[in-house]
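A short write-up of the structure that comes next.
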Amino acid sequence: MNDAKLKMQLSCPMPKLDFDIITLGHGSGGLLTNRLLDSGVFELFKNEYLDKRHDGAFLNLKGPTAFTTDSFVISPIFFPDSNIGELAVNGTVNDLAMCGAIPEYLSLSFIIEEGLSMEEFWRILVAIKFASERAGVLIVTGDTKVVERGKGDKIFINTTGIGKIHPKANIDISRVKIGDKIIVSDNLATHGIAIMSVREGLEFETDILSDTRNLNHHVSTLLDKFGNQIHLLKDPTRGGVATVLTEIARDSKLGINIFQAEIPIEEQVAGACELLGLDPLYVANEGIFISIVNSDISEDYLLKLKSLEGSYNASIIGEIVKDHNGQVVLTSEIGGKRVVNMLVGEQLPRIC
């Protein structure tokens, strides 16, 4: 666990409770529900909107606004250096950032399986607090339900996010054009392999940690400097980089060339992918994003991106071309070429 996360855990000791596990009664809406929420949610996430404890939040929104929602069903719910709570916040914050928005508010809903320990639930709540504070967003409303044993898998989380569009943002697939450069912000496949290492009991010389992080500050910094020279932003979560790029090629009706030698991947992650028979291009990521930018600013953009925490391995991996419209073509390190298709089925289920 990194120092910031450890500090957050230590600063939020679990309160003394008269129950050790969550029961069906905690989802009744009555006394047990109130005790559950009072002992954690309302105190941890305290703010002027949530403190009203109303059925919803009253927000004053002005100007272009982005709105997104996502559900998280990852297994296992705890994985190297993170858990489902941090992932839920980061995932929704990042979806807003990819729209060119500045995330401001989140809703937070839990579906909890009867029998989840309060210690586990508390760790998830603290991770949510850490992630929301780091992203600079407020949790303003939410919901809690409890289902019978065997009807869930410990806990599912739904988050919905709202944020104002950055004044310099103009993110749209229609703006992608021939000559644009494709930039990935950091190493591929780290999150997916971190999850698989836990599931399969794999051991490596050093721990492979999930790359989950909020990307909104990175995006805001880049928009401040480069504005509408940034044509498209995408986060390659389920389906990985390959699926995102094939969607872009299909929707833009343009071709994409990418180059294997330029694709950043950590050595141990690459080795794990080979061991498991996985193509890292299709493995899920939770802390990187793809930018498609005007070629004139691509080198400056890359330098700026590499100066930001968690993007030191950013790389220009390809470009938009007029050939093979609607397809992505990969040039291998030895010069061979192959078409990269969209992922069929689920390579790694329950990854986010």
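Residues satisfying the criterion are absent from the range 178-191 (criterion: closer than 23 Å to Val41 by Cβ, among the acidic types (Asp, Glu) and modelled with pLDDT of 95 or more).
Taking the range 234-264 as the range and being in contact with a Cys (Cβ under 8 Å, 6 or more places away or on another chain) and either of a type in the set (A, V, I, L, M, F, W, C) or without any contact (Cβ under 8 Å) to a residue 60 or more places away in the chain (or both) as the test, no residue passes. Report yes if Asn60 is in a loop (DSSP other than H, G, I, E, B) and either hydroxyl-bearing (Ser, Thr, Tyr) or in contact (Cβ under 8 Å) with a residue 60 or more places away in the chain (or both), otherwise no. Taking the combined requirement at face value, the residue does not satisfy it.
Among helices (runs of 4 or more DSSP H) entirely within the range 178-288, having at least 2 residues that are crowded, with 22+ Cβ neighbours inside 10 Å, assigned by TED's automatic domain parsing to the domain that holds Leu303 and out of contact with any Gly (no Cβ under 8 Å at 6 or more places or on another chain) singles out 190-200, 240-252, 267-276. Residues of the range 25-41 that are loosely packed, with under 15 Cβ neighbours inside 10 Å and touching a helix residue (DSSP H, G or I) at 6+ places or on another chain (Cβ under 9 Å): Leu31 alone.
If you go through the range 49-81 and pick out every residue that is at pLDDT 95 or above and either of a type in the set (Asp, Glu) or in the same structural domain as Gly201 (by TED's automatic domain parsing) (or both), you end up with 1.
Could you tell me how many of the residues in the range 112-137 are part of a strand (DSSP E or B) and either surrounded by 20 or more Cβ atoms within 10 Å (Cβ to Cβ) or among the small types (Gly, Ala, Ser) (or both)? Lay out the reasoning, then the answer.
So in the range 112-137, the residues part of a strand (DSSP E or B) come out as 112-113, 117.
Now narrow it down to the ones that are either surrounded by 20 or more Cβ atoms within 10 Å (Cβ to Cβ) or among the small types (Gly, Ala, Ser) (or both): 112, 117.
Selection size over the range 112-137: 2.
Candidates are the residues of the range 75-98 that are assigned to a helix (DSSP H, G or I) and acidic (Asp, Glu); the one that is surrounded by the fewest Cβ atoms within 10 Å (Cβ to Cβ) is Asp95. The listed residues are Gly239, Gly255, and the only one of them that is at pLDDT 90 or above, of a type in the set (Gly, Ala, Ser) and more than 27 Å from Asp300 (Cβ to Cβ) turns out to be Gly239.
The values are calculated or read from the model by the stated rules, or taken from the named source; none is laboratory data. Note that this is a predicted model, so its numbers are computed, not measured. As a convention, Cβ positions derive from the backbone with ideal geometry for all residues, glycine included, and neighbour counts pool all protein chains shown.
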